[in-house]
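First the structure, in the form of structure tokens, and then the observations on it.
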């Protein structure tokens, strides 16, 4: 997979996160999760010097939700016998 640069504006990561959470196509889901995760981590790095409690909490929650979604997707894939 080619690396893509994703701009990380304070609301940019939210849109990418929502796209991942709402993606119904299991073939596209891993890429959506990866892109959203990178945008969230980029934003978290940007605000390290100027912590915003509410956004920090939202970033942590979003990363946790993506992790769960990724785990569920992997379990479903293993259950179906996909590689």
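We did not get these values from a lab; they are worked out from the coordinates using the rules stated. Everything numeric in this text was worked out from a predicted model, so none of it was measured. Positions of Cβ are generated from backbone atoms using ideal geometry, with glycine treated the same way; all protein chains shown enter the neighbour counts.
With a simple spin-label model that places each label point 7 Å from the Cα along the Cα-to-Cβ direction, the separation between residue 80 and residue 24 comes to 1.5 nm.
Give me 47, 35 sorted ascending by neighbouring Cβ count inside 10 Å, so fewest comes first. Provide the component values of the computation, followed by the final result.
Working: 47 14, 35 18.
Exposure proxy ranking, most exposed first: 47, 35.
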